[in-house]
Amino acid sequence: MTLSRDGMKYDPAKGVPGLLVLLDIAGKGSSGTVWRGYLDLGVDGSVAVVVKMGEWEVLRHEVLIYQHLNQRGITGVPFCLGLYQAAQSIGLCTIGLLMLSDEGRTLCPSKGIRANERCV
């Protein structure tokens with residue numbers, strides 16, 4: 001499946017479409033740790049992204065929610081650029097990485113969440 005937004009096309013089945021650069025930890029949420037960074041697409045420029053690492057099934061459910069909201073035209077909703085499964089599991093948990101467009105704001109801005117806290 002090829003996804004398109006803002007004139008750019010992404011095919012998650014082909015893997016990350018450029019060099020992924022993670023800059024800092026943005027926080028920890030209910031679905032895992034979140035990093036901010038960018039996806040360097042070479043001559044096509046770069047895209048600001050957030051990357052979440054957490055349990056694959058939880059992240060997969062989050063993707064379905066984002067897709068549902070995007071299909072209904074809700075603005076400010078992150079656009080899924082790919083959900084990737086880790087080659088190895090930790091115990092019984094399969095780890096996943098979810099790459100999303102960076103929409104520039106957190107869901108809990110008024111709480112002043114720090115990197116080692118959870119947004120609940």
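The values are calculated or read from the model by the stated rules, or taken from the named source; none is laboratory data. Here the structure is a predicted model, which means the values were calculated and not measured. Glycine also receives a Cβ, built like all others from the backbone with ideal geometry; neighbour counts cover every protein chain displayed.
Worth a mention:
- Single residue of the range 34-48 satisfying the filter (over 14 Å from Tyr84 (Cβ atoms) and touching a Gly at 6+ places or on another chain (Cβ under 7 Å)) that is surrounded by the fewest Cβ atoms within 10 Å (Cβ to Cβ): Gly42
- The range 96-120, residues that are closer than 17 Å to Met53 by Cα and modelled with pLDDT of 85 or more: Gly96, Leu97, Leu98, Met99, Leu100, Ser101, Asp102
- Extreme residue, surrounded by the fewest Cβ atoms within 10 Å (Cβ to Cβ), among residues of the range 79-89 that are farther than 12 Å from Ser101 by Cα, in contact with a Leu (Cβ under 9 Å, 6 or more places away or on another chain) and not aliphatic (A, V, I, L, M): Gln85
- Selection within the range 49-68 - loosely packed, with under 14 Cβ neighbours inside 10 Å and of a type in the set (A, V, I, L, M, F, W, C): Leu64, Ile65
- Set Gly76, Gly15, Gly7, Gly27: member being loosely packed, with under 11 Cβ neighbours inside 10 Å, modelled with pLDDT of 80 or more and of a type outside the set (Lys, Arg): Gly76
- Qualifying residue in the range 46-68 (condition: part of a loop (DSSP other than H, G, I, E, B), within 22 Å of Asp24 (Cα to Cα) and modelled with pLDDT under 90): no
- Matching residues, the range 75-102, being out of contact with any Ser or Thr (no Cβ under 6 Å at 6 or more places or on another chain), part of a loop (DSSP other than H, G, I, E, B) and of a type in the set (A, V, I, L, M, F, W, C): Val77, Leu92
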